[in-house]
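One structure below.
The values are calculated or read from the model by the stated rules, or taken from the named source; none is laboratory data. Note that the coordinates shown come from a computational prediction; the quantities given were computed from them, not determined experimentally. For neighbour counting, all protein chains shown are included, and Cβ atoms are generated from backbone atoms with ideal geometry for every residue, glycine included.
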Amino acid sequence: MLINTARGSLAAFALLAITGTAFADVTVYTAGPASLIEKLAAGFTEETGIKVEFFQATTGQVMARIEAEAANPVVDVLISASWDTATDFAERGWLVPYTSPNAANVPDFLKSETAVAQGVSALAIAWNPNSKTPKPSEWADLAKPEYKDLVNLPDPAQSGATFELVAALEAQGGTKLFEDLAANGAIVAGANAEALNPVLQGAKAAVFGAVDYISFNGKDKGESIEVIFPASGTVIAPRPAMILNWSKNQDDAKKFIDYMLSDAGQAIVAATNLMPARTDVAANRPLIGDLNILTIDTEAVYAGREATLAAFAEIFQ
Amino acid sequence: MSATRTQPVNPAVLIAAFGLVIVVAVPFAFIVLQAIFPELGRGSLAAPFSRILDVLVDPRLIRMTGNTVLLGVGVVILSSLIAVPLAVLRALFRVPGALLWDVLMLVPFMIPPYIATLGWIMALQPRGYAEQLFGFNLAPFLFSIWGIIFVMTLNTFPVIYFAVSRTVEAVGSRYADVGRVFGASAWRSFWRITLPLSTPGLAASMLLVFAMAIEEYGTPAALGRRAGFDVLVTGIDLRVSDWPIDLPGAAMLSLVLVVMSFGAFLIQRWILTRRSYQITTGKPQKLEKRALGRWTVPVVLAFVVVSFLATAVPLLAILATALSRTISGGLTLSNLGLVNFAAILADGPGALKALTTSLSLGVAAALFTGLLGALSAYAVVKTSMRGRGLLDVLTILPNALPGIVVAVGLILAWNQPWLPVTPYNTALILLLAYCCILLPQPVRYATAAFHQVGDNLEAAARVFGAGPMVAFQRVLLPLILPSLLASMLLVFAVATRELVASIIVAPVGLQTISTYIWRQFEQGSVGLGMAMAFVTILITTLLPLIVLSLLGKRGSLL
């Protein structure tokens, strides 16, 4: 029995060693949707013959892996869901300066010397029309009695975009809006997907600050959900793509960025209901020009992040 | 008395020590180093101890620690209250449909905790399935400390049920019969003889449940945040997932968890070493179960209620979601269909590859931990080697390490640039992670079983000329095999669905079942994720049952 077990273990061990991953030409770590990177990788390999392996998780998990791997990093291209990452990594001197020839039609605020947006999402009100509540049009509507106990907010501590929305709205009108929401029974419900799910089933009527493309995708599948961009403004979350300076495959990594910004690459981005980074690529959804975008003083806002989060948590305690 | 005292070095002990160092000591050492040296990830030992103080003086630490203890103790108590009576009834009486109940109690193991929790949320939240079908919701209960304990208990009580029913069965009614002969009542001989003799199994499984409860992430994260109930694991996750990443802080909080689990371990060991529990003496024993008589109906009813709550409700909620075209469509006939299952089939290669990866990893993890667990338990219980206490400590350590911390420790350890070969970025790193996280299960079960095997059996084998390895293989291993197999089954089930460590250490481009499901959820495709979860639960439940019935071990195992 012991010998058989040992033999079995060895066989399983050998099997696993064979299935182990060979190192690819370009390794991409991405916080984007899995289907997007799958299609981008497949299209890129088809066009250039260069192999792509990717690791997809939340921004936090991607960062945890990069941090733990710091002694011997393997990532060539990083695509984060938060522009803050691009700024921070650039300050640390971890990024390779690169301007893709395909980035000519990417507006200036979506690129820097070391990073360029893959696509852009915006935050919106995601509202379930079956919820027997009136259709909201403004953030402040969700603090009205009609929505008592029916509003979810994604946690700004877990979602960078939500944090920027909170900061932008607090810069406009202080914390009163959030105090009103809390008094109206709104709750903070985990990360983005966790906040949306109860709205789909009808436990809640609306998400305050939902990531738009996830809701658009749900709507395409026939879910009863509407995406509303308040006229008073919202924040956008560009997804920066960057090349790490420890990469041993920088030329192939640059080609990947080029492909991501090509007509084909941006069409794939648009097909996942994200806004393409290039202004000359069409998409079947409201684009940056259609939205009233709130700007924040990034440096000051992120310097006060801990205090903002603590005050926010206090309000919704 | 141990027969191995004459032999200077027992090979079984050496193998156990080597395995434990690779699987447990190496990643754990790097977690401790990370807590001390904040810059360890960059290969620098600068500023040692600089982070320890500000983690320890954080006022939230006391609250999180208190909540964690409360949760662990609550889950252990409720699990015991449910599992022990059922297990004793199952072991000593002829319960109608016993095998069916065993299978139904096995299913909660196979349901990933985060999936079960999501199932409960979708069943009990306002306008959830319960409200759609029967007009009620239990949201205030679910999103509270009681809801968390309730859901986690339903996930973990089978550990105690199987351990206790097996040990009580092994104790049998023979010793209690002796008590009866000497005039004790049936109750009295149960309380004074059968139950005390079953202590090893009960204590070991309670320890496991406590460790599982304080280490579990999915349920407290999904339910606790809304109740304002934060535990150490959610605190650790926040430090690891919030930029700038705070690995030293997360490592420190994990060490608090380790201390807590170690305390529970010391209590268990104190209980086990107070007296002898040896009942397997080599004399043949006839297994005689009694009839339930007029208690048949209430007992069966108890089994029905428990397996309905633990198995049927989460499974039905998962199935309902998997069969819904849209979540917002609800449970109407026009909204039900096989769309999600068809989508899995359409994504055949991706889904199939994830399934094969996870199933082969599960089998490999079960074999490795089973072997290593049996050898380690043997070294600790049946030899008098120096340092065996240390081995015992190593086997309990991973119990308290949250998956995410094990993952970080493994990356720190195996991604060093000077290593000539490394399992990192191959599927082997996942195997190491699963073995580390799940090793305590076989060790605890095997330790309990060894405590019940009389020393004279091994001594007899040695007298007749068997070497220590042969005695282990031919005499001791077969005696503990039923317990060991049960724990290996558990390892298989949990390894095939492990999520937290899998996400962080999975080699680039490799998907497991759990990361596949998680990605569906993250993109808002809850139905697709649930369909994959349902298929997985079916496979991981049926596969072991088929294997066991082929081995003809079903009766002794379940």
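For this structure, a couple of remarks:
- Only residues that are in a loop (DSSP other than H, G, I, E, B), closer than 27 Å to residue A:189 by Cβ and of a type in the set (Gly, Ala, Ser) were counted in segment A:277-317, giving 1.
- Residues located in segment B:509-522, provided they are under 18 Å from residue B:318 (Cβ atoms) and more than 20 Å from the chain's Cα centre (by Cα): B:516, B:517, B:518, B:519, B:520, B:521, B:522
- Subset of segment B:72-108 (residues that are among the small types (Gly, Ala, Ser) and within 26 Å of residue B:219 (Cα to Cα)): B:72, B:74, B:79, B:80, B:83, B:87
- Residue count for segment B:105-133 satisfying the condition of being part of a helix (DSSP H, G or I), within 11 Å of chain A (Cβ to nearest Cβ) and without any contact (Cβ under 8 Å) to a residue 24 or more places away in the chain: 2.
- Taking segment A:149-181 as the range and being assigned to a loop (DSSP other than H, G, I, E, B), at pLDDT 90 or above and under 21 Å from residue A:213 (Cβ atoms) as the test, only A:154 passes.
- Residue in segment A:181-196 that is within 14 Å of chain B (Cβ to nearest Cβ), more than 28 Å from residue A:33 (Cα to Cα) and surrounded by 18 or more Cβ atoms within 10 Å (Cβ to Cβ) present: yes
- Residue B:333 falls short on exactly one of the conditions (1) without any contact (Cβ under 8 Å) to a residue 60 or more places away in the chain; (2) buried (at least 18 other Cβ atoms within 10 Å of the Cβ); (3) of a type in the set (A, V, I, L, M, F, W, C), and that condition is (2).
- Of residues in segment B:450-492 being within 14 Å of another protein chain (Cβ to nearest Cβ) and not in a helix (DSSP H, G or I), the one surrounded by the most Cβ atoms within 10 Å (Cβ to Cβ): B:466
- Identity of the residue in segment A:197-230, over 20 Å from residue A:145 (Cα atoms) and charged (D, E, K, R), that ends up nearest to the other protein chains (Cβ to nearest Cβ): A:223
- So residue B:272, is it within 14 Å of another protein chain (Cβ to nearest Cβ) and surrounded by fewer than 22 Cβ atoms within 10 Å (Cβ to Cβ): no
- Cβ separations smaller than 7 Å between residues 6+ apart or across chains give the following pairs from segment B:423-449 residues that are away from chain A (no Cβ under 14 Å) to residues that are assigned to a loop (DSSP other than H, G, I, E, B): B:437/B:498.
- Near pairs, Cβ below 8 angstrom, 6+ apart or cross-chain, from segment A:167-186 (without any contact (Cβ under 8 Å) to a residue 60 or more places away in the chain) to any residue that is hydrophobic (A, V, I, L, M, F, W, C) and assigned to a loop (DSSP other than H, G, I, E, B): A:185/A:150
- Any hit, segment A:45-65, residues being surrounded by fewer than 20 Cβ atoms within 10 Å (Cβ to Cβ), closer than 30 Å to residue A:228 by Cα and out of contact with any Ser or Thr (no Cβ under 6 Å at 6 or more places or on another chain): yes
Yes or no, residue by residue, for (1) more than 11 Å from every other protein chain (Cβ to nearest Cβ); (2) in contact (Cβ under 8 Å) with a residue 24 or more places away in the chain:
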{"position": "B:355", "(1), (2)": "yes, yes"}
{"position": "B:370", "(1), (2)": "no, yes"}
{"position": "B:379", "(1), (2)": "yes, yes"}
{"position": "B:400", "(1), (2)": "yes, yes"}
{"position": "B:408", "(1), (2)": "no, yes"}
{"position": "B:418", "(1), (2)": "no, no"}
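- Every listed requirement among (1) outside any helix (DSSP H, G or I); (2) in contact with a His (Cβ under 8 Å, 6 or more places away or on another chain) is met by residue B:381 save one, (1).
- Selected residue (criterion: modelled with the highest pLDDT) from residues of segment B:323-342 that are at the interface with chain A (Cβ under 10 Å from one of its Cβ atoms) and not in a loop (DSSP other than H, G, I, E, B): B:324
- A count restricted to segment B:1-55 and to residues that are over 28 Å from residue A:67 (Cα atoms), hydrophobic (A, V, I, L, M, F, W, C), loosely packed, with under 13 Cβ neighbours inside 10 Å and at pLDDT below 90 stands at 2.
- Inside segment B:134-153, residues that are surrounded by fewer than 19 Cβ atoms within 10 Å (Cβ to Cβ) and in contact (Cβ under 8 Å) with a residue 24 or more places away in the chain make up a count of 2.
- Only one of B:184, B:163 that is free of Cβ contacts under 8 Å to residues at least 40 places away in the same chain and either more than 19 Å from residue B:448 (Cβ to Cβ) or in a helix (DSSP H, G or I) (or both): B:184
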